[in-house]
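Trainee: Below you will find the structure I want to go over with you.
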């Protein structure tokens, strides 16, 4: 076996490993989301994440991949449906390895979107929206940037998917949380908000750690190969930004509220990861630290802003993936170095490296176009569903928890059954 | 004949006439609680009062610092312990607690009430209990000791409380470690001013945007002044009276500068702004209701409180 064949093999192995790591991020989301919400919904949140991953996989295989990478136009791809290319590697990745990596990104984006649905959406809505998001919303944005669509032609830099994966998911989450309205008990009549505390900070922390590890596949395998060892640089930038994000968020929330709040600190690490996702292959390590720090600071104020705007975002998906996703994408326009952009014909260098405002403009255009598309289409779909079948469970179901109302058993049966019995007795007595 | 309900009615009708000053409000509370004691004693009138006794209130009531709504903190000291006395005074304590609750003083969550045998004892038993608390030096016993030090009699023999407080003073002279244990007990103070110099407010909930005056402002002043009172054997109960006595001592001149007016202003702020219906309502000061000048003053009071607390602790530990 010659050296080139070995390199091709290693490239394929690395990206396949990346696919596995990215898929494991779903496990991180299960723990993050379940830990950040209440006990009565824990089983539901864990279970729906698994079955929507199943739905997303099948839909992406059937049509999603084709809409992204199929032969088509600047707006959408139109071939390669029901993907089944078993050809061997021809000097690069095998098509199946590439597909396996791509499908995992779609699942991550879908799971981010569902963060905005937490603790009050009907199970049927999860099923329908999982189909439509994986078939239409995500693939179209991905086609624009990664599939040779109109934004790719502009030189948009999104190394691992800050816009495609995170912003798209966050915009769908925003549409959902706006239509669903806040959870019962989140806001008081006088306008003040209550902190509906998550039930397990250890779960949340473990979720973040799993996501952090998974991100090495997310960003690292987005090099699509190992030949020049560039993946090490990407991993370095990823690690630095995540650390900086956690530190910045903890000190910021401590300075503002006097308490080093744990959930906010954890969101800071995620913010660092989201922020560096677009730029991890374009910027120097010092810039990765700055990008992560700013992401960590932003997430604290963004969470406060959404709270003040009465947009109930149970797991801070809008702030972590939306607000910080935008920052991460724009940061390329500031920090991209010529050697990793202009000189390899992937967009322009950033403002701080003599590239002027060109790349910043392209990045902003990408954010606005992709964000607006994802939000508007999600909003239309969800509004229509709301009018036809209703997005939200009934008040009684929400109070008893989605574990019992949607699935028939609690994730924590010993703890929840007594409460449920009391609720049922009270309801009966009132009648 | 008066009943608890009629006292409650009278209290609700008249309390608004006593909101001019902290002193008048606390005098009014004293009157109400004394009436409750009268009714309780009448309810037990088929029994003879077995011996002389003192009924005291403590906590904010003992310090003459009650807000409009306050929970109950009280105890009984009686002359001698025997089966009849023990049974009578515990029954009286229970009756008083029920009565105060009806009149509008919620039960004490920490069970500091005459209905609890720990707070209803003969003088000798109290002496022994205080000694055990001081010797035990556990977190809980030191907390109880400080609560007792704020006791003020509303009925009966005044000497009991004075003598018991004096015994605490004597003990700490012989055992300096006691003051160290008290310091450890009160050391934690909630951050009132943030690292950026901002007033720390509640982030969520019914009192979003409010300062918890009890924890952020009152406690640093009350605890540090009580600590000095125990050290110096000052038997006065209210924080303002204690400050007045301490001001007469040269060694505290610098530490206590501005302390009296700060604490007095704090009481006034509470009287002016915190007249809600529940116990919690009387603790949270909404910053948005304050003028810029008032915000500045509150910030200064909070900062000075923390500084007083730190300086007093440093001085006691020297």
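Trainee: Mind jotting down a quarter of the surface of the convex hull over the alpha carbons of chain B, in square nanometres, one decimal?
Mentor: For chain B, averaging the hull's shadow over all directions gives 16.8 nm².
Trainee: What whole-number distance in Å separates the alpha-carbon centres of region B:175-248 and region A:276-333?
Mentor: Value for the Cα centre distance between the two parts: 40 Å.
Trainee: Let me ask you something else. Could you run the Debye sum over the Cα atoms of region B:1-103, one equal point scatterer each and no solvent, and tell me log10 of I(q)/I(0) at q = 0.11, 0.14, 0.19, 0.22 Å⁻¹, two decimals?
Mentor: Result of the Debye calculation: -0.36, -0.56, -0.95, -1.17.
Trainee: Starting from the Kirkwood Rh over alpha-carbon pairs, what translational D in µm² s⁻¹ does region B:4-174 have by Stokes-Einstein at 4 °C and 1.567 mPa s?
Mentor: 79
Trainee: What whole-number distance in Å separates the alpha-carbon centres of region A:360-412 and region B:18-73?
Mentor: With region A:360-412 and region B:18-73 each reduced to a Cα centre, they are spaced 57 Å.
Trainee: Which of the peptides A:157-169, B:127-139 is most tightly packed, and how do the rest follow, going by the mean number of other Cβ atoms within 10 Å of each residue?
Mentor: Highest to lowest by the protection proxy: A:157-169, B:127-139.
Trainee: Quick one: if you take sqrt(5λ) for each eigenvalue of the C-alpha gyration tensor of region A:1-44, what semi-axes come out, biggest first, whole angstrom?
Mentor: Output for region A:1-44: semi-axes of 40, 6, 4 Å.
Trainee: Sorted from fewest to most neighbouring beta carbons within 10 Å, what does the list B:18, A:410 look like?
Mentor: So the residues, fewest neighbours to most, are B:18, A:410.
Trainee: Ok, one more. Highest mean first, what order results for B:178-191, B:232-245 on Cβ atoms within 10 Å?
Mentor: B:232-245, B:178-191
Trainee: Quick one: compute the contact order of chain A, relative version, from alpha carbon pairs under 8 angstrom and 6+ residues apart, as a percent.
Mentor: 22
Trainee: Taking 8 Å as the Cα distance limit and 6 or more residues as the minimum spacing, I'd like the relative contact order of chain B as a percentage.
Mentor: RCO, chain B: 18 percent.
Trainee: Let me ask another. Below 8 Å, C-alpha to C-alpha, sequence gap of six or more: please give me the relative contact order for region B:4-174 in percent.
Mentor: 27
Trainee: Ordered by packing density, taken as the mean number of other Cβ atoms within 10 Å over each peptide's residues, highest first, how do A:96-103, B:284-291 rank?
Mentor: Result, highest mean first: A:96-103, B:284-291.
Trainee: What average number of partner chain Cβ atoms lie no more than 10 Å from the Cβ of the residues making up B:183-195?
Mentor: Average neighbour count from other chains, rounded to a whole number: 1.
Trainee: For a quick check: sort B:36, A:393, A:213 by the number of other beta carbons within 10 angstrom, fewest at the front.
Mentor: A:213, A:393, B:36
Trainee: Continuing with this model, one more query. Ignore the peptide's own chain and count Cβ atoms of other chains within 10 Å of each Cβ in A:188-197; give me the average, rounded.
Mentor: The mean count of partner-chain Cβ atoms within 10 Å per residue comes to 3.
Only the coordinates and a few stated rules stand behind these numbers; no lab work does. Source: prediction; values computed, not measured. Note: ideal-geometry Cβ built from the backbone for every residue, glycine included; neighbour counts use all protein chains shown.
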